[in-house]
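Have a look at the structure below before the remarks.
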Amino acid sequence: MAIISGDLNPLNLNDVLKGTVVNNTFIGGLGSDTIDGGGGQNLVDYSALTTPITFDIGTNVVTKTATTQDILSNVQTVRATTVAGSTLDGSGLSIPDGLTVNLATSSLSYKTSTGVTMTMGVENFTNVIGSSRNDWITGNVANNNFIASLGVDNYVGGGGSNVLDYTQLPATGLNSPPTRISYKLGENKIIKQGIGEDIFSEVQTIVAPDKALTLQEQQQLKAGGPAGSILDLSGSRSSVTFNSNTGDLIGGVTFGFGATNAYKNFDSIVGTGFADTFIVNGSRDVSLTLGGTTGGVVDQINIANPGQGNLIITDFQEGYTLINMKAQPGFTAPIQLTLRYDPILNNTTFSLPTGQDAFTLLGINFDQALNVISNEIFVHP
């Protein structure tokens, strides 16, 4: 076996390295290198570097910094740095079927357009960006970050604290609106609207696309929604506390699958049939559909200000919802409510000072809204 080293000195020289017919190990350097493994079973080892790398599976390019990249050929194994955060990027693959990645066994495989099965060893990677086809991605004992793509995919987290991230999910067409997702607590599938369903397990955090609502979605939200990405908590067998600011969910016992405890960037939230608590700060438009508004069950909504978003409350019933408004530290302006009633929609909007939150109760007239203020809204300075 031959060991061939790139330049690790501060000069960051750009090297051209070529292997022989035996098994070769190349030590990745700091410059932009061209590495041809030659014959044999060849390894490129970046474990001496101190920052994460990204390996583009489709182009065989390894990005080490913003200005340095290696081009690989005839290489069977890529070993990333031991610093957490190195990424396998399958988004550039043009393949008929999906990509299979198993970080626990340090392997990946896929079929080319000609039907040839390609396999590689991939060591020390923790993050995966899928292809546009139907992928099967399995994590390892580290904290993994799975970047979702357009295919119908299967994700298995393995150990660690794992994130399933949809923020880079593209639109389904050139002029199509942003792709949204829907998830119901207790299930192990995520619906990618207009695409299909992803299946997942052992994932602790789901991050919805963080793209602004379209005008049509905003109108749909204000009409009672839901719109955008939807988080449905109605599958819980107990009350929940959900913080839309952080995405943290406390409680939420389910009949089946349900180990995930953080849901970020969701636009529409559906409550349980129990006494829930929702925490919002108005930094984004959010729709709340209250599930616990009958039989003496009381939902509570805590609104922290300031913020620029709108809160839409659906299925509000007098006597069964408490709305707490509390200023964040450093917010010195008085919290003053202005009521505006829409007789056509039979909706009442409570507005705060300019630039702050507004929230709307759907199906509540002006007299009912006055009763809400006197009996059910607790304003804290």
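The values are calculated or read from the model by the stated rules, or taken from the named source; none is laboratory data. Values in this document were obtained by computation on a predicted structure and should not be read as measured data. Methodologically, a virtual Cβ is constructed for each residue, glycine included, from the backbone with ideal geometry; neighbour enumeration extends over all protein chains shown. Please note that ligands, DNA and RNA were not included when accessible areas were found on the heavy atoms of the full protein model with its side chains. Shrake-Rupley method; radii C 1.70, N 1.55, O 1.52, S 1.80 Å.
Quick test of your reading of the structure: Ile191 fulfils all but one of (1) within 25 Å of Asn324 (Cα to Cα); (2) open to solvent by 40 Å² or more (accessible area, probe 1.4 Å). Name the failing condition by number.
Ile191 satisfies all of (1) within 25 Å of Asn324 (Cα to Cα); (2) open to solvent by 40 Å² or more (accessible area, probe 1.4 Å) except (1).
Report yes if some residue within segment 166-177 is among the hydrophobic types (A, V, I, L, M, F, W, C) and touching a Phe, Trp or Tyr at 6+ places or on another chain (Cβ under 8 Å); otherwise report no.
The answer is no, given that none of the residues of segment 166-177 is among the hydrophobic types (A, V, I, L, M, F, W, C) and touching a Phe, Trp or Tyr at 6+ places or on another chain (Cβ under 8 Å).
Hey, any hits in segment 198-208 for a residue that's more than 17 Å from Asn127 (Cα to Cα), open to solvent by 40 Å² or more (accessible area, probe 1.4 Å) and among the acidic types (Asp, Glu)?
No: segment 198-208 contains no residue that is more than 17 Å from Asn127 (Cα to Cα), open to solvent by 40 Å² or more (accessible area, probe 1.4 Å) and among the acidic types (Asp, Glu).
Based on this model, can you work out whether Asp97 counts as open to solvent by less than 50 Å² (accessible area, probe 1.4 Å), within 25 Å of the chain's Cα centre (by Cα), at negative phi and among the acidic types (Asp, Glu)?
So Asp97 fails the test.
Considering segment 17-39 alone, what residues qualify as being of a type outside the set (Gly, Ala, Ser) and in a loop (DSSP other than H, G, I, E, B)?
Those that are of a type outside the set (Gly, Ala, Ser) and in a loop (DSSP other than H, G, I, E, B): Thr20, Val21, Val22, Asn23, Leu30, Asp33.
Taking Asp248 as meeting all but one of (1) under 30 Å from Ser176 (Cβ atoms); (2) under 21 Å from the mean Cα position of the chain (by Cα), write down the number of the exception.
Asp248 satisfies every listed condition except (1).
Just to verify a result, which residue in segment 173-188, among those that are of a type in the set (A, V, I, L, M, F, W, C) and not in a strand (DSSP E or B), is least open to solvent (accessible area, probe 1.4 Å)?
This residue is Leu185.
So which residues in segment 86-110 are of a type in the set (D, E, K, R) and closer than 18 Å to Asn140 by Cα, if there are any at all?
Asp89 - this is the single residue of segment 86-110 that is of a type in the set (D, E, K, R) and closer than 18 Å to Asn140 by Cα.
To keep it simple, each residue is scored yes or no on (1) at pLDDT 70 or above; (2) open to solvent by less than 50 Å² (accessible area, probe 1.4 Å).
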position	(1), (2)
Ala333	no, yes
Tyr341	yes, no
Ile344	yes, no
Asn347	yes, yes
Pro353	no, yes
Asp357	no, yes
Leu362	yes, yes
Asp367	yes, no
Ile377	no, yes
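Can you tell me how many residues in segment 62-73 are more than 19 Å from Ile147 (Cα to Cα) and not in a loop (DSSP other than H, G, I, E, B)?
Of the residues in that region, 5 qualify.
Taking Asp165 as the residue in question, decide whether it is acidic (Asp, Glu) and in contact with an Asp or Glu (Cβ under 6 Å, 6 or more places away or on another chain).
no
Given the conditions (1) part of a strand (DSSP E or B); (2) open to solvent by less than 40 Å² (accessible area, probe 1.4 Å); (3) more than 18 Å from Val203 (Cα to Cα), which single one is not true for Tyr155?
(3)
Of the residues Ala227, Ala212, only one is open to solvent by 40 Å² or more (accessible area, probe 1.4 Å), within 23 Å of Leu362 (Cβ to Cβ) and in a loop (DSSP other than H, G, I, E, B); which?
Ala212 is the lone residue from the list that is open to solvent by 40 Å² or more (accessible area, probe 1.4 Å), within 23 Å of Leu362 (Cβ to Cβ) and in a loop (DSSP other than H, G, I, E, B).
Report whether or not Val122 is part of a strand (DSSP E or B) and under 21 Å from Leu164 (Cβ atoms).
When the stated conditions are applied, Val122 passes them.
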